[in-house]
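One structure below.
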Amino acid sequence: MFQSTLAGTMAGSHNPAKDFELQQPPEDSISALKFSPNSNYLVASAWNNTIRCWEVQENGQSAAKAQQSHSGPVLSCCWHSDGTKVFTASCDKTAKLWDLQSNQAVPVAQHDAPIKSVNWIQAPNYSCVVTGSWDKKLKYWDTRQPNPVLTHDLPERCYCADVDYPLSIVCTANRGIIIYNLENTPTEFKKLESPLKYQHRCVTIFRDKQNQPTGFALGSIEGRVAIQYINPPDPSKDNFTFKCHRSTIQRTGQSQDIFAVNDIAFHPSHGTLATVGSDGRYSFWDKDARTKLKTSEAMELPIVASDFNFNGNLFAYAVSYDWSKGHEQYNPQKKNYIFMRQATEELKPRQKKR
């Protein structure tokens, strides 16, 4: 198998934040990081066809649990709500159900093109896995049946998606956004054009103070995030965008480097958020106060994925090349890393001035 010890490492150029480093991460670019919904298990999917699982403790210790593979790069992964199974989506046009207790992985979904997104839906009256593909299909699967129970045609290829019952967001090529209502039977609620001018890269649903899904954050390749509410009282006031993951302009007339927003994660109790980008930095934000809480120093490579654990005490982020600068800038000597950071205090909302 592979080794997996977490250890705090001395700060080098590869770890300027002095965070816990997960040893022997995937050898190829990492596509997704996901914590279990109810325990400190972390999975990472990668372009070398693998999905790996570690058990992580908040003091920095860990233990390797298992590894599975596809016959093509794994583009996405998600957890079953019971925390014992993981779903994986691959360029081999299949999605698999990985039972961690038995370490068995079985195909549960099939498309005519690579599958870009996979999400588990746990509704009061049904449960299923939903897959979005570059074949312009959104398919819902009962894992006990070989054929989809429902298929939605998409206007374009699926680029990113998120589910938080009863809400589902699917973002497609050509800046399309489709919102689905998952109650009873999944149905299209509305179609939108992205408020961002450039291609979107990631989408994450957020909750309100009553812990109900209420909107989503959308990140684009042009260093910008949009905060969108599903039913805002005042759309022009409540919905907004902000710039991020851009180089600092030191003098008048200096050009600015603009980087992609690769992932967005919301803190499960504070409601604040983290963005990670191709500039190799993570930033923490308070969307309600519309302010930045923190920005990290730059890593040697882009940060491609991130997630908070179930209680919000740990923030995980993956560092690897994202191919945003093409083959010419790929350096096989630069290694991939997965880091863990204790981030409860840093993610607390900004205190409002009296």
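Give me a count of the residues in segment 185-214 that are free of Cβ contacts under 8 Å to residues at least 60 places away in the same chain and closer than 14 Å to Val261 by Cβ.
7
Restricting to segment 297-311, give me the number of residues that are crowded, with 19+ Cβ neighbours inside 10 Å and more than 15 Å from the chain's Cα centre (by Cα). Give the derivation first.
Narrowing segment 297-311 to residues crowded, with 19+ Cβ neighbours inside 10 Å: 299, 301-309.
With more than 15 Å from the chain's Cα centre (by Cα) added as a condition, the list becomes 299, 301.
The number of residues fulfilling the criteria is 2.
Within the group Tyr321, Tyr317, Tyr337, Tyr282, which residue is open to solvent by less than 60 Å² (accessible area, probe 1.4 Å), in contact with a helix residue (DSSP H, G or I) (Cβ under 9 Å, 6 or more places away or on another chain) and of a type outside the set (A, V, I, L, M)? It would help to see each step written out before you state the result.
Working: Tyr317 fails: in contact with a helix residue (DSSP H, G or I) (Cβ under 9 Å, 6 or more places away or on another chain); Tyr337 fails: in contact with a helix residue (DSSP H, G or I) (Cβ under 9 Å, 6 or more places away or on another chain); Tyr282 fails: in contact with a helix residue (DSSP H, G or I) (Cβ under 9 Å, 6 or more places away or on another chain).
Result of the check over Tyr321, Tyr317, Tyr337, Tyr282: Tyr321.
Could you list, in sequence order, the residues of segment 207-223 that are surrounded by 18 or more Cβ atoms within 10 Å (Cβ to Cβ) and closer than 14 Å to Leu273 by Cα?
Answer for segment 207-223, where residues must be surrounded by 18 or more Cβ atoms within 10 Å (Cβ to Cβ) and closer than 14 Å to Leu273 by Cα: Gly215, Phe216, Ala217, Leu218, Gly219.
Which condition number does Arg175 fail, the rest of (1) open to solvent by less than 10 Å² (accessible area, probe 1.4 Å); (2) within 19 Å of Ile205 (Cβ to Cβ) being met?
With (1) open to solvent by less than 10 Å² (accessible area, probe 1.4 Å); (2) within 19 Å of Ile205 (Cβ to Cβ) applied to Arg175, the lone miss is (1).
Would you pick out the residues in segment 253-276 that are in a strand (DSSP E or B) and either in contact with a Cys (Cβ under 7 Å, 6 or more places away or on another chain) or among the charged types (D, E, K, R) (or both)? Give the derivation first.
Initially, segment 253-276 is screened for residues in a strand (DSSP E or B), giving 258, 261-266, 273-276.
Once the filter is applied, which keeps residues that are in a strand (DSSP E or B) and either in contact with a Cys (Cβ under 7 Å, 6 or more places away or on another chain) or among the charged types (D, E, K, R) (or both), segment 253-276 yields Val261, Asn262, Asp263, Ile264, Thr275.
For Met299, which of the numbered conditions (1) outside any strand (DSSP E or B); (2) free of Cβ contacts under 8 Å to residues at least 60 places away in the same chain fails to hold?
Among (1) outside any strand (DSSP E or B); (2) free of Cβ contacts under 8 Å to residues at least 60 places away in the same chain, the lone unmet condition for Met299 is (2).
Which residues, counting only those in segment 90-110, are buried (at least 23 other Cβ atoms within 10 Å of the Cβ) and more than 23 Å from Ala64 (Cβ to Cβ)?
Answer for segment 90-110, where residues must be buried (at least 23 other Cβ atoms within 10 Å of the Cβ) and more than 23 Å from Ala64 (Cβ to Cβ): Ala95, Ala109.
Look through segment 244-276, keep the residues that are surrounded by fewer than 22 Cβ atoms within 10 Å (Cβ to Cβ), charged (D, E, K, R) and at pLDDT 90 or above, and return whichever of them is nearest to Pro37 (Cα to Cα).
Filtering first and then ranking leaves Arg246.
Looking at segment 140-155 only, could you name the residues that are open to solvent by 30 Å² or more (accessible area, probe 1.4 Å), in contact (Cβ under 8 Å) with a residue 12 or more places away in the chain and under 17 Å from Ile121 (Cα atoms)? Quick ask: steps written out before the conclusion?
Here is the first cut: in segment 140-155, the residues open to solvent by 30 Å² or more (accessible area, probe 1.4 Å) are 143-153, 155.
Adding the requirement that they be in contact (Cβ under 8 Å) with a residue 12 or more places away in the chain leaves 143, 148-153, 155.
Thr143, Pro148, Val149, Leu150, Thr151, His152, listed by residue number.
Give me the strands (runs of 3 or more DSSP E) completely within segment 152-220, filtered to those with at least 1 residues that are of a type in the set (Ser, Thr, Tyr) and over 22 Å from Lys287 (Cα atoms), ordered by residue number.
In segment 152-220, 158-164, 167-172, 176-181, 187-193 are the strands (runs of 3 or more DSSP E) which contain 1 or more residues that are of a type in the set (Ser, Thr, Tyr) and over 22 Å from Lys287 (Cα atoms).
The values are calculated or read from the model by the stated rules, or taken from the named source; none is laboratory data. These figures come from a predicted structure and were not determined experimentally. When we count neighbours, we look across all protein chains shown, and the Cβ atoms used for this are built from the backbone with ideal geometry, even at glycine. Areas reflect the complete protein model, heavy atoms only, side chains present, ligands, DNA and RNA absent. Shrake-Rupley method; radii C 1.70, N 1.55, O 1.52, S 1.80 Å.
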